[in-house]
1. Among the residues of the range A:325-339, which ones are of a type in the set (Ser, Thr, Tyr) and either outside the structural domain of A:PHE355 (by TED's automatic domain parsing) or surrounded by 17 or more Cβ atoms within 10 Å (Cβ to Cβ) (or both)?
2. Among the residues of the range A:316-334, count how many are modelled with pLDDT of 90 or more and either under 18 Å from the mean Cα position of the chain (by Cα) or of a type in the set (Lys, Arg) (or both).
3. Identify, please: which residue in the range B:155-172 is within 25 Å of B:ARG125 (Cα to Cα) and of a type outside the set (A, V, I, L, M, F, W, C) and is, among those, surrounded by the fewest Cβ atoms within 10 Å (Cβ to Cβ)?
4. Select from the range B:139-148 the residues that are modelled with pLDDT of 90 or more and either in contact with a strand residue (DSSP E or B) (Cβ under 9 Å, 6 or more places away or on another chain) or buried (at least 18 other Cβ atoms within 10 Å of the Cβ) (or both) and list them in ascending order.
5. Only one of these is buried (at least 16 other Cβ atoms within 10 Å of the Cβ), within 14 Å of chain B (Cβ to nearest Cβ), of a type in the set (A, V, I, L, M, F, W, C) and under 27 Å from A:LEU27 (Cα atoms): A:LEU398, A:LEU409. Name it.
6. Restricting the search to the range B:77-106, which residues are crowded, with 23+ Cβ neighbours inside 10 Å, among the small types (Gly, Ala, Ser) and more than 7 Å from chain A (Cβ to nearest Cβ)?
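The values are calculated or read from the model by the stated rules, or taken from the named source; none is laboratory data. Treat the numbers as computed from the prediction; the structure is a model and nothing was measured. Here the Cβ positions follow ideal geometry from the backbone for every residue, glycine too, while neighbour counts run over all protein chains shown.
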Amino acid sequence: MIFALGFGPLLRIVRQNIRRNAKHFLLSVFGIVVGTASFAFFLALSGGVRKVVLGDIFPIDRVEVIAPKATFTGVPRTLDNSLVDKIRARPGVSGVYPKMKLGFPSRGSGKLFGAELYFPLGGFMDGIDPALVAGDKGTAAFRDWEAEVGVGGVCFPGIRPPAFIAPTEAARLQAALAALVGATDDVKRTVRAALGFGEECSNLRAEGCPADHYCGWDWRCRRRVPVLLSRAIIELYNGSFAPSHGLKPIGTVEQALAERFMKVLKLDILLGRAPMSGIKVELEQDRIDCVQGQLIGISQKAIPIGVTVPIGYIRRWNEAFAGQLVASRYSSIVVDVREKEDVPAFVEWVRDEGFEQEDSYAEELSSAIFIITLLFLVISFIIIGISAVNIAHTFFMLISERRREIGILRAIGATRADVRRIILGEAAVIGFVGGVLGLGLGVGAARLVDLISSRFVRDFPFKPATYFDFTPRLIGGAIAFAVFFCVLGALVPARRAAAMPPAHALAG
Amino acid sequence: MVAEPIIRVRGVEKSYGEGKARQSVLRSVSLDVAAGEMVAIVGQSGSGKSTLLNIIGGLDLADAGEVFVEGRDYAQLDDAALSRLRNEQIGFVFQQFHLLDHLTVVENVALPSFFAGGRGGAEARALEALGRVGLRELGDRRPSSLSGGQKQRVAIARALFHRPRILLCDEPTGNLDSETGRDVVGFFQSLNRDEGVTMLIVTHEERVSQAAQRVVRIADGKIVAQEGRSVELPPSGAASVRTDEGPTP
């Protein structure tokens with residue numbers, strides 16, 4: 001195909017033609033704008049939903065391996081380090097993150113806006129590998145401090161005397177307790193229990209310790225255990241717990257993250273006791289310990305209902321309270337697979353090994369999202385297809401009007417390809433303008449939906465800040481989509497115009 | 001003087017329509033035009049003179065026969081080559097002027113530069129062409145604001161933009177009053193005489209044909225007579241007639 005018409009002159013001719021035929025093109029552009037807007041809007045919506053559902057809720061490239069609830073032999077399968085190593089050696093596996101549940105009764109309590117909250121933790125406390133949340137916002141402090149840094153120096157025992165002890169006696173008692181700093185752990189525990197403070201973890205002061213530390217059961221400064229909560233628990237608190245207990249709601253999760261809530265919520269965790277617990281574990285010894293946790297962030301990877309701490313703490317506590325066996329068993333193993341195409345083969349291997357995959361609706365949801373996206377895309381295609389027909393009509397009409405003009409251009413040296421290029425160029429520019437306007441409309445509509453959602457829709461688990469995902473690929477694709485359909489619509493008129501013998505065109 | 005014909009037409013036939021509606025417009029027309037010659041083609045409406053001009057200009061295709069312009073056989077030229085020939089070597093002047101109203105006068109004149117592969121200085125050359133027809137000062141005007149004579153002169157300036165060797169004119173004075181028509185014809189004569197531009201003018205006006213060196217008469221799609229003084233051409237066929245009589249340019 002040979003063009004005599006250079007790109008610069010082509011643009012000039014196209015610009016002039018569009019300017020003088022602007023009225024004709026308005027209706028066509030309107031269709032393109034609406035079609036592109038719906039295309040971009042729905043594609044971004046499905047992309048956004050897909051991102052939340054398959055990225056956060058049910059990651060499609062992530063498999064959670066669990067032990068089967070029953071086996072043919074009756075011998076339970078356990079998830080332990082040998083399995084972790086085996087999985088790690090599998091091809092296509094990019095990350096292995098074991099999870100461990102707290103395997104004995106315990107209780108948490110904390111003060112939130114002046115209200116004392118108590119909640120059971122046995123079964124509601126998960127230990128996860130800090131690597132699993134690495135890179136997530138606000139999770140830098142999610143580390144096993146005691147394993148990495150160790151415990152600090154001796155702290156003042158700081159047990160606040162109960163009210164029935166007179167102030168003068170209290171001072172003496174404090175002094176006596178201070179003298180016990182060097183005593184053995186058993187003596188310390190016995191004294192505390194004898195004084196009736198054993199289960200009152202909030203009585204532990206952190207005097208003599210740096211900030212973010214508490215005075216542990218062994219009267220040594222320990223960094224508070226970093227705790228992650230899920231968005232779901234915040235939303236549950238706001239939606240049900242706070243209203244029924246006359247408490248102030250935290251607000252949105254984003255507000256909770258931004259406001260002091262994150263810094264003030266300290267959890268006093270009593271290990272070894274709980275008012276009620278479904279866990280049937282024979283404890284190694286009748287023992288209780290107080291530890292203090294500090295909420296450091298909100299994570300989608302945290303246990304939905306409960307608190308999540310680095311796995312090292314859980315492993316140590318399980319070992320101390322429930323024994324070595326419990327401390328060596330994982331509740332599940334999260335496995336990241338490099339390519340989602342590798343997931344089926346990995347899941348098959350997991351089954352062959354006698355384990356199961358935690359129920360994931362990723363596949364089903366993926367299919368559902370695909371079908372819904374397809375439906376929306378078909379609608380967009382219909383809208384823009386009608387616009388393309390409209391574009392074709394407009395160009396047929398314009399070519400009929402500009403017949404002589406085409407003849408003149410041919411007489412002064414335009415090739416057939418030049419005529420085609422002029423018309424297709426006009427169509428492409430109209431498509432581009434329509435595409436950009438449509439994209440703007442789509443993005444505007446998306447922002448409006450997000451705004452309405454943030455202001456008027458109550459928080460729900462995994463509620464995203466935006467429902468839309470306008471990727472650079474989508475933006476480019478939407479504009480290309482508009483240009484493509486406009487050019488497609490103008491293709492036949494352009495060919496017809498180019499095929500006109502110049503003499504006939506000049507004759508009008 | 002013996003010169004190679006710049007235009008050579010051999011046995012050209014052209015008809016329009018299909019089946020019973022088929023109408024023969026040109027019947028075995030042959031014609032030679034020497035370089036630098038000014039030829040008038042005359043005949044009644046529908047005689048085929050404009051069709052012959054269009055075929056010579058490459059604006060229409062002959063059903064049969066051969067057309068050579070500047071030694072190039074149209075049958076061997078593809079669309080791009082034919083377009084380039086029109087752009088560089090042939091200028092067209094039409095009765096209807098065929099100017100584009102959405103462009104200024106100078107843009108109309110410079111329009112052929114758009115299809116000339118991006119040669120620079122188009123505006124300066126357009127103004128120069130306008131200067132040749134005496135309209136340099138009207139470059140910024142729109143064609144709609146010009147008189148008929150001015151429009152035709154702008155169309156002539158556009159035809160001359162690339163300094164073509166051949167100017168094909170289809171009833172160039174048809175829409176002009178007699179005085180303006182005379183001016184245009186005078187300009188054509190000077191162009192032919194001073195710059196050696198070969199001119200082929202389709203007309204039914206006596207005064208235009210009188211200005212030509214040779215007059216070719218067409219009736220019912222056939223050349224029925226050629227009269228006038230012509231530069232000498234090599235033998236080229238029965239239809240090519242050379243006489244020493246005829247109007248003096």
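1. Here is the first cut: in the range A:325-339, the ones of a type in the set (Ser, Thr, Tyr) are A:328, A:330-332.
Hits for the range A:325-339 are A:TYR330, A:SER331, A:SER332.
2. 2
3. B:ARG163
4. Scanning the range B:139-148 gives B:PRO143, B:LEU146.
5. Being buried (at least 16 other Cβ atoms within 10 Å of the Cβ), within 14 Å of chain B (Cβ to nearest Cβ), of a type in the set (A, V, I, L, M, F, W, C) and under 27 Å from A:LEU27 (Cα atoms) holds for just one of A:LEU398, A:LEU409, which is A:LEU398.
6. The one that is crowded, with 23+ Cβ neighbours inside 10 Å, among the small types (Gly, Ala, Ser) and more than 7 Å from chain A (Cβ to nearest Cβ): B:GLY91.
Table: residues versus (1) of a type outside the set (D, E, K, R); (2) surrounded by 19 or more Cβ atoms within 10 Å (Cβ to Cβ); (3) in contact with an Asp or Glu (Cβ under 6 Å, 6 or more places away or on another chain); (4) modelled with pLDDT of 75 or more.
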{"position": "A:PRO275", "(1), (2), (3), (4)": "yes, no, no, no"}
{"position": "A:GLU282", "(1), (2), (3), (4)": "no, no, no, no"}
{"position": "A:CYS290", "(1), (2), (3), (4)": "yes, yes, no, yes"}
{"position": "A:GLY297", "(1), (2), (3), (4)": "yes, yes, no, yes"}
{"position": "A:PRO310", "(1), (2), (3), (4)": "yes, yes, yes, yes"}
{"position": "A:ILE314", "(1), (2), (3), (4)": "yes, yes, no, yes"}
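For (1) at pLDDT below 85; (2) more than 14 Å from every other protein chain (Cβ to nearest Cβ); (3) over 30 Å from B:LEU82 (Cα atoms); (4) in contact with a His (Cβ under 7 Å, 6 or more places away or on another chain), each residue gets a yes or a no:
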| residue | (1), (2), (3), (4) |
| --- | --- |
| A:ILE13 | no, no, no, no |
| A:ALA44 | no, yes, yes, no |
| A:VAL49 | yes, yes, yes, no |
| A:VAL53 | yes, yes, yes, no |
| A:ASP80 | no, yes, yes, no |
| A:VAL93 | no, yes, yes, no |
